[in-house]
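**Q** Below is the structure I would like to discuss, written out as structure tokens.
The values are calculated or read from the model by the stated rules, or taken from the named source; none is laboratory data. This is a predicted model, so every value here is computed, not measured. FYI the Cβ positions are ideal-geometry reconstructions off the backbone, even for glycines, and counts take in every protein chain you see.
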Amino acid sequence: MGEENENIEQVGEVAKRGAELAIGKGALSEEEIARVTADLIAAIKTVYDPEIPVDVYELGLIYKVDLDDERNLVIDMTLTAPGCPVAGEMPIWVENAARSVEGIQDVEVRMVFDPPWTADCMSEEAQVALNWW
């Protein structure tokens, strides 16, 4: 458990957005975990909610990212509202973005609505972009 907590601290950028990061033990070096995390964040930041001019990462729509020893990702994400018109498409956009990260073997994106998304989930960057402060 201690090694996993150390890795989580080193790649705390995901956790900073409020997402939980779980990492498989042992098979990936700290450097590889940091690289995958940085690349994954960059990839996810290319996905925008079409109704809000902010990427899904800064909106706080990514709740949890699990990376196992075989380089498989499971991403729990939500939407700003359950009735979002792109509810069926946005998870596919996130999945495709995550699959673009070098070394990732498989990606599963799961939609979750608990806890419900609120504007408090947004980063300061998103709040500034939307003039919500």
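**Q** If Asp68 satisfies all but one of (1) over 26 Å from Glu30 (Cα atoms); (2) in contact with a strand residue (DSSP E or B) (Cβ under 9 Å, 6 or more places away or on another chain); (3) of a type outside the set (A, V, I, L, M), what's the number of the condition it fails?
**A** Tallying (1) over 26 Å from Glu30 (Cα atoms); (2) in contact with a strand residue (DSSP E or B) (Cβ under 9 Å, 6 or more places away or on another chain); (3) of a type outside the set (A, V, I, L, M), Asp68 fails exactly one: (1).
**Q** Right, here's the next one. Looking at Leu79 and the list (1) part of a loop (DSSP other than H, G, I, E, B); (2) in contact (Cβ under 8 Å) with a residue 60 or more places away in the chain, which single condition is not satisfied?
**A** Leu79 satisfies every listed condition except (2).
**Q** Among the numbered criteria (1) surrounded by fewer than 18 Cβ atoms within 10 Å (Cβ to Cβ); (2) at pLDDT 55 or above, which single criterion is violated by Val47?
**A** Going through (1) surrounded by fewer than 18 Cβ atoms within 10 Å (Cβ to Cβ); (2) at pLDDT 55 or above one by one, Val47 breaks only (1).
**Q** Inside segment 108-131, can you point out the residues that are without any contact (Cβ under 8 Å) to a residue 24 or more places away in the chain and surrounded by 12 or more Cβ atoms within 10 Å (Cβ to Cβ)?
**A** Result: Ala119, Gln127, Val128.
**Q** Taking segment 85-107, which residues are touching a residue at least 24 places away in the same chain (Cβ under 8 Å) and outside any helix (DSSP H, G or I)?
**A** Applying the first criterion (touching a residue at least 24 places away in the same chain (Cβ under 8 Å)) to segment 85-107 yields 85-87, 90, 93-94, 97-98, 100-107.
Within segment 85-107, Pro85, Val86, Ala87, Ser100, Val101, Glu102, Gly103, Ile104, Gln105, Asp106, Val107 qualify.
**Q** Still on this structure, please answer the following. Tally the residues that are in a helix (DSSP H, G or I) and farther than 17 Å from Glu124 by Cα, restricting the search to segment 43-67. If you could, list the steps in order and put the result at the bottom.
**A** So in segment 43-67, the residues in a helix (DSSP H, G or I) come out as 43-44, 56-59.
If we keep only those that are farther than 17 Å from Glu124 by Cα too, we end up with 43-44.
Going through segment 43-67 one residue at a time, the tally reaches 2.
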